[in-house]
2 protein chains.
Amino acid sequence: MAEIRVFAPATIANIAIGFDILGLALEQPGDEIIARKTDKQSGLTIRKIYNDNNRLPIDPLKNTATVAGQAVLDALGESSMGIEFEIHKKMPIGSGIGSSAASAAAGAFAVNELLGSPFSKKELLPFAVKGEQSADGAFHADNVAPSLLGGIVLVKNDEKLFHIQLPIPENLYVSLICPSIEILTKNAREIIRPNVPLNKFIKQSFNLAGFISSLFLSDYELMKKCLVDHIIEPQRAYLIPHFKDIQETALKNNAIGCSISGAGPSIFAISNSKKNAETITDSMSKILSDAKIPSISLISKVNKEGVLKLSS
Amino acid sequence: MAEIRVFAPATIANIAIGFDILGLALEQPGDEIIARKTDKQSGLTIRKIYNDNNRLPIDPLKNTATVAGQAVLDALGESSMGIEFEIHKKMPIGSGIGSSAASAAAGAFAVNELLGSPFSKKELLPFAVKGEQSADGAFHADNVAPSLLGGIVLVKNDEKLFHIQLPIPENLYVSLICPSIEILTKNAREIIRPNVPLNKFIKQSFNLAGFISSLFLSDYELMKKCLVDHIIEPQRAYLIPHFKDIQETALKNNAIGCSISGAGPSIFAISNSKKNAETITDSMSKILSDAKIPSISLISKVNKEGVLKLSS
């Protein structure tokens, strides 16, 4: 195999109640990478990045896709192999839907596939995390793990990156709106206070335990009671124009829950039917369009597969 | 029905990773209350408390059993009815296994049964919580809910006391050791710092989410990874002599997890076979007997029924 095209999905990290430990994969959007073997050099290079408005580093030591891919090459001892990437960004950058993580997952996966899949997807996780880390410096796998593996993933941010895939209730839909303003994850992290008040910790613990239970029980009523973030959302909401109005309209339109996707500014809402998901997305979009803030909106089920090969 | 005898089980609150929101019921020990109608007075009185070394209030306005029972009477508008309790304490007081909560659950249940069960067990929860609150002032239902309802219970400490019963993995055994030293819940609460460091909050969130998942999956390996308290146990452990040694010996003897029961000083360990539970209990007891600290120890499965009628 001399050339391969892969897809890695966007993701929603935190899911309101699982800061740094929970994430889910979307069906769309997702980044695509074409990886091909080349004799021109050894190691990874980037031939071109499409659709990034020249905002992403072309330097392979700084781009999450190539850092992740190089980590795979290094682990396999393939120091003489040359691979070039064409990166097709198909999602907004810095929007809180795991753009850098998707590129990292795609980069690790593409190199692995090109070399005959010596690693399983699960085994690629540390390499993809290494790529993701090169973007914001923080070590958290709640975007990378679902982008790579699909599903709703619970992940521990330690060396072993222990993780499990949680059940996906039937008819779970995600409505997503990405306002065209940018928040850097790094900045959104810096504003989080270093301590959590004990009473909020207890309330959030209940919500987390109840949300996990709701996934196993496919119990949307329970999920609705629990999908409320008492800790992170109140600290970040002010960064997103009209957040409260958008959340309110989503909940009025039968959202099970609505909060900030990752570090924002994207906002997600969970619902339990396609019809509700459409109404919710429309109502959220309207608030931004009324305020003359451009945005992208979409509806997606949970992506169960994660990163995948499109063609070779 | 003029007289009834009821049983309410001891409970383990917190279960290491669910401070104030998780608890489980034991098969033994448990408090027993004999309740009988009387013409001597209206309202609740305590005829006698057995086995409390005169440490519990005989004043019906101060004892958790009668406060809970009176709340049931009041809710039913039965202001003229007279009921007297004989309270048989069958567990150590102030030991962290929900002594006051068991009496409260038994008191509410006994009155309800004596009046023909107008309330379901679930509906009795607010009355039992009112009784429990009279003991330590704090509003938390993580002992009362499992004592009343049985099982492993996730409970929200708000007005509605929303709760769900979680699955109980087969072969789950609890080893329990109660050192004969006393810690008042009120004091054990006061030493808890009012803030949780963010990084510990994230680690504990993973453990809680993983533990809840392990119950649904009957996955003891996952449970073992997650049954670790990064927040409360480190703050309370020093109150319990030899805690670290006891925990270490439990884990060495194949405990899935070991931590402080409620506010302590009792220590519980979870295991997945009766044989392991016995070995663990013996090893924990030995540390205290070597140190010449008297203790009670026992093995129990999870009590699925909660409070029950023994005879009438």
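Brief remarks follow.
- Placing unit charges on the Cβ atoms only, positive for Lys and Arg and negative for Asp and Glu, gives the range A:173-301 a dipole magnitude near 160 debye about its Cα centre.
- A Cβ-based charge dipole, computed about the Cα centre of the protein assembly as shown with Lys and Arg at +1 and Asp and Glu at -1, lands at about 180 debye.
- The reciprocal of the average 1/r between distinct C-alpha atoms defines the Kirkwood hydrodynamic radius, which for the range B:7-49 equals 13.1 Å.
- Under-5 Å amide H pairs with A:Ile83, H placed in peptide plane, nonlocal only: A:Thr38, A:Gly43, A:Leu44, A:Thr45
- For B:Asp282, label point 7 Å along C-beta direction: distances to other copies, nm: 7.1
- Debye log10 I(q)/I(0) at q = 0.11, 0.15, 0.17 Å⁻¹ for the range A:3-166, Cα point scatterers: -0.37, -0.69, -0.89
- Coordinate range along principal axes, alpha carbons of the range B:173-301, Å, largest first: 40, 35, 21
- Selected from A:Ile293, A:Ile232, A:Ile260 as most flexible by GNM, with chain A as the system and alpha-carbon contacts under 10 Å: A:Ile293
- Residues B:Phe162, B:Phe127 arranged by fewest to most Cβ contacts within 10 Å: B:Phe162, B:Phe127
- Label point of B:Thr45 (7 Å along Cα→beta-carbon): distances to the other copies' equivalent points are 9.7 nm, sorted ascending.
- Cα-based helix-to-principal-axis angle, A:243-252 vs chain A, degrees rounded to 10: 70
- Neighbour net charge for A:Gly306 - beta-carbon separation under 12 angstrom, K R +1, D E -1: +2
- Estimated [θ] at 222 nm from DSSP helical runs (n ≥ 4, -39500 (n - 2.57)) normalised by residues in the protein assembly as shown, nearest 500: -11000 deg cm²/dmol
- Of A:Ile270, A:Ile280, the sequence from fewest to most neighbouring Cβ atoms within 10 angstrom is A:Ile270, A:Ile280.
- For the range B:38-47, Karplus couplings with θ = phi - 60° (6.51, -1.76, 1.60), whole Hz, Gly/Pro x: 9, 9, 5, 7, 9, x, 8, 9, 10, 6
- Largest GNM mean-square fluctuation across B:Ala138, B:Ala128, B:Ala105, computed for chain B with C-alpha springs under 10 Å, falls on B:Ala138.
- Legend: ranking of residues B:Asp136, A:Asp142 from fewest to most surrounding C-beta atoms inside 10 Å; resulting order B:Asp136, A:Asp142.
- Neighbour net charge for B:Ala101 - beta-carbon separation under 11 angstrom, K R +1, D E -1: -4
- Cβ-vector label at 7 Å, A:Gly137, separations to other copies in nm: 4.4
- Pairwise Cα separations in the protein assembly as shown fall into 20 Å bins from 0 onward with the following percentages, short to long: 20, 43, 28, 9, 1, 0.
- Selected from B:Gly77, B:Ser283, B:Ile192, residue furthest toward positive end of dipole (the protein assembly as shown; charges at beta carbon): B:Ile192
- Estimated D of chain B in µm² per second, where Rh is the Kirkwood radius over Cα pairs and Stokes-Einstein applies at 25 °C, 0.890 mPa s: 127
- Percent RCO, i.e. relative contact order, over the range A:173-301, from Cα pairs under 8 Å lying at least 6 residues apart: 41
- Computed over chain A: relative contact order in percent, which uses C-alpha pairs under 8 Å that are six or more apart: 25
- Taking all Cα pairs closer than 8 Å and separated by 6 or more residues, the relative contact order of the range B:126-206 comes to 18 percent.
- The H on the amide N of A:Ser259, modeled in the peptide plane, is under 5 Å from the matching H of A:Phe268, each at least 5 residues off or on a different chain.
- Top of A:Pro265, A:Pro92, A:Pro241 by mean-square fluctuation, Gaussian network on chain A, Cα under 10 Å: A:Pro241
- Net charge of neighbours whose Cβ lies under 14 Å from the Cβ of B:Phe85, counting Lys and Arg as +1 and Asp and Glu as -1: 0
- In the range B:189-274, chymotrypsin sites (Phe, Trp or Tyr not before Pro) in a DSSP loop with at most 11 other beta-carbon atoms within 10 Å: none
- Checked against a 21 Å cut-off, the cross-linked pairs A:Lys224/A:Lys301; A:Lys225/B:Lys156; B:Lys89/B:Lys309; A:Lys203/B:Lys89; B:Lys224/B:Lys301 give Cα-Cα distances beyond that limit for A:Lys203/B:Lys89.
- Farthest toward positive dipole pole in the protein assembly as shown [+1 Lys/Arg, -1 Asp/Glu at C-beta], among A:Pro241, A:Cys178, B:Ile299: A:Pro241
- Computed extension gain for A:Lys62 through A:Ile192, at 0.36 nm per residue and net of the alpha carbon distance, reaches 44.2 nm.
- With respect to chain A, whose longest principal axis is taken over its alpha-carbon atoms, helix A:99-114 is tilted by about 40°.
- Dipole magnitude for chain A: computed about the Cα centre from +1 point charges on Lys and Arg Cβ and -1 point charges on Asp and Glu Cβ, it is near 320 debye.
The numbers here are math on the coordinates, done by the rules we state, and not lab data. These numbers were taken from a predicted model, which means no experiment stands behind them. Quick reminder, even Gly has a Cβ in these numbers, built from the backbone with ideal geometry, and neighbours come from all protein chains shown.
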